[in-house]
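Have a look at the structure below before the remarks.
The values are calculated or read from the model by the stated rules, or taken from the named source; none is laboratory data. As the structure is a computational prediction, the values presented were derived from the model and not from experiment. Virtual Cβ from ideal backbone geometry, glycine too; neighbours counted across all protein chains shown.
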Amino acid sequence: MVPGVTSTLLLDRPQPARTATRSPFTITEVRWAVAATGLFLFGVGLKFAGAAPWTWWVPLLACYVAGGWEPALTGLRALRERTLDVDLLMIVAAVGAAAIGQVVDGGLLIVIFATSGALEAVLTQRTADSVRGLLDLAPQRACLVLPDGGEREVDAEALRIGDEVLVRPGERIGGDGEVVGGSSEVDEASITGEPLPVPKRPGSEVFAGSLNGTGVLRVRVGREPKDSVIARIVALVEQASATKAKTQLFIEKVEQRYSVGVVAVTLTLFALPLLFGAALEPSLLRAMTFMIVASPCALVLATMPPLLAAIANAGKRGVLVKSAVAMEQLGTVDVVAFDKTGTLTEGTPQVVGVVTEQDEDEVLALAAAAEQFSEHPIGRAVVAEARRRNLRLPEARDFQATPGVGVTARVAGRAVAVRRHDSERTTAVEVVVDGRAVAVIELADEIRPSSPAAVREITVLTGQRPVLLTGDNHAAAQRVATAVGIEDVRAGLLPQDKVQAVREMNGNVLFVGDGVNDAPALATAHAGIALGGKGSALTVDTADAVVVGDDLAVVPAVVSLARRARRVVIANLAIAGTFIVVLSAWDLFGTLPLPLGVAGHEGSTVLVALNGMRLLSAGRRSRVR
């Protein structure tokens, strides 16, 4: 677990996506089973419609039971708390429809709500699991250095400011602090997004959860575990998730008022005529007709089919949009913010040049021969470039790696060293042969081929240039920004800085990233897209959508698709709302024949469903619309 973040942060909160711990099934599995069973029974009932009554009434009534027990139970529980929700209203509408012979209408309503409940359970479970996964980033234990020089393994969350811990090669650092002894290179990609290991020596700052390289470090803890960067990432994700959930409060208020209004009018239509001597059957018929035409079945289909169709279409383009809510959010973004490393760039260093007065291939072959035993990303990049050029590597002996400095070896009888070289614009290493510097090999995190076009299309689509948010240094960030066409560059940002930058932007922000350090910004932004090819599990789970193939060209395409889906939703809501208002008013102030009411209700339902399904065939005619 993350130091300073106890299990109560996540596990003591209500988890609606999971059943009790003794159950072998999660609520997600149960809800999908219920939805599938209800859909199957509904299909069976439709298949035998028109045959002997029992052949289709029985499966449809079984569909009511299979798909309706959970929303009915939820509605009854809400009644105990003196609230009325749409779940109960749908069950009442379905039963009312069945009571006057419209069993198919009620069954369709049941199937829709059962499927929606299953989708909600999936999203809830994924969110809870993704936040829990963050707890694995930091070690549970740390090696505490005692005052007498001895060592003792302790819980990482028990560390206090001033404690000194020993971090051996390959271990994760147990707390934020300062290096007071030893030297090494530390992989901080999970915190800062920096693609290359960072040299650490006495005086350097290190972060809990970052991975130590080949050296041994002695670290003095400088922050309480609960205040570490990784612990704050957890808190930020939790806070942002809770903030997003507030959006649902407005929907619940609308549902409550609508449900109460429909029930009140239905009861009035039934009871009032009886008080004036009307017959029971026509009063019940009129009330049930109102319940049918006023039921929000068409409104539900007005929203879900176009959004689900857009989700399916996005899947064909290589983008996994996780929910209808996520698709809606993508359709309302005003400005886009990109991470740099692993998002606009490939995330791995590559050789971009060799500066030498000697034969370039000969110098590169010597450097690659010395680096061939190294596991450092720079070493791998040098060797990869030599192999790309089909160079023969001479024999190398006496290989030695010095953390934060470089490597040395005897190559074909010559002393070869490849070591860090100061450079303002690129990462660079110096090649030294027999004590004389002979070349500088320049490396850079290569820009994705699709990045410049994606930036241009996003600019056209939103009317605003994207923003670059990165934990890397300003020189490297500016180089990438210039190449892809971004003017607003904000570099050297820790996760909380990215969150603050997103919050300060005007409009609905879409954040695109790939690393664990991007998770808080993804959760805070109005919408988030993660690159799934090399992206961390937490980032993929936190984002609203995932680019499966890491092709940034699909980002403007899916935003354009989401905007089209939003326009279809608005049109559908207008259609569905018009039918409901007209038919309800007809029933209230006139005499609406039941067959006409059912036809109007079903007609509006079919109309909005077909309109939404048009998005399934939306092709690639234009990526930006």
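General remarks:
- Answer residue from the range 386-408, given it is more than 41 Å from the chain's Cα centre (by Cα) and on the phi > 0 side of the Ramachandran plot and is modelled with the lowest pLDDT among those: 398
- Applying the criterion of being modelled with pLDDT under 90 and in a loop (DSSP other than H, G, I, E, B) to the residues of the range 492-505, the residue that is nearest to residue 231 (Cα to Cα) is 494.
- Within the range 264-287, tally of residues that are under 16 Å from residue 96 (Cα atoms), small (Gly, Ala, Ser) and at pLDDT 85 or above: 2
- For first residues located in the range 255-284 and of a type in the set (Asp, Glu), partners that are surrounded by 11 or more Cβ atoms within 10 Å (Cβ to Cβ) and lie 6+ apart or on another chain with Cβ distances below 7 Å form the pairs 255/85; 255/86.
- Looking at the range 506-625, the helices (runs of 4 or more DSSP H) lying wholly inside it that each contain 1 or more residues that are at pLDDT below 85 and closer than 24 Å to residue 490 by Cα sit at 537-542.
- Total residues in the range 320-359 satisfying the condition of being assigned to a strand (DSSP E or B), touching a strand residue (DSSP E or B) at 6+ places or on another chain (Cβ under 6 Å) and over 22 Å from residue 118 (Cβ atoms): the figure is 14.
- Test: residue 417 is within 21 Å of residue 355 (Cβ to Cβ) and not in a helix (DSSP H, G or I): yes
- Residue match in the range 564-576 (condition: within 30 Å of residue 273 (Cα to Cα) and more than 12 Å from the chain's Cα centre (by Cα)): yes
- Any chance residue 298 is of a type outside the set (S, T, N, Q), in contact with a Phe, Trp or Tyr (Cβ under 8 Å, 6 or more places away or on another chain) and within 30 Å of residue 504 (Cβ to Cβ): no
- Scope the range 174-198; condition closer than 20 Å to residue 225 by Cα, of a type in the set (A, V, I, L, M, F, W, C) and either in a strand (DSSP E or B) or at pLDDT 90 or above (or both); matching residues: 179, 180, 186
- Filtering the range 155-170 to residues that are within 10 Å of residue 144 (Cα to Cα) and surrounded by 17 or more Cβ atoms within 10 Å (Cβ to Cβ) leaves 156, 159, 163, 164, 165, 166, 167.
- Enumeration of residues in the range 436-458 that are closer than 18 Å to residue 513 by Cα and either among the small types (Gly, Ala, Ser) or touching a Pro at 6+ places or on another chain (Cβ under 7 Å) (or both): 445, 450, 451, 453, 454, 455, 457, 458
- The C-beta contact set for the range 48-67 (first residue among the aromatic types (Phe, Trp, Tyr), second residue assigned to a helix (DSSP H, G or I) and surrounded by 14 or more Cβ atoms within 10 Å (Cβ to Cβ), distance under 6 angstrom, 6+ apart or interchain) comprises 48/55; 48/56; 56/45; 64/110.
- Checked against the criterion of being in contact with a Leu (Cβ under 6 Å, 6 or more places away or on another chain), aliphatic (A, V, I, L, M), modelled with pLDDT of 75 or more and in the same structural domain as residue 32 (by TED's automatic domain parsing), the candidates 92, 154, 65, 103 yield just one match: 103.
- Checking each residue of the range 557-574 against the condition of being loosely packed, with under 15 Cβ neighbours inside 10 Å and farther than 27 Å from residue 318 by Cα gives at least one match.
- Checking residue 143 against (1) part of a helix (DSSP H, G or I); (2) over 34 Å from the mean Cα position of the chain (by Cα); (3) at pLDDT 75 or above; (4) not β-branched (Val, Ile, Thr), the condition it does not meet: (1)
- Looking only at residues in the range 519-539 that are in contact (Cβ under 8 Å) with a residue 40 or more places away in the chain and in contact with a strand residue (DSSP E or B) (Cβ under 7 Å, 6 or more places away or on another chain), the one that is surrounded by the fewest Cβ atoms within 10 Å (Cβ to Cβ) is 534.
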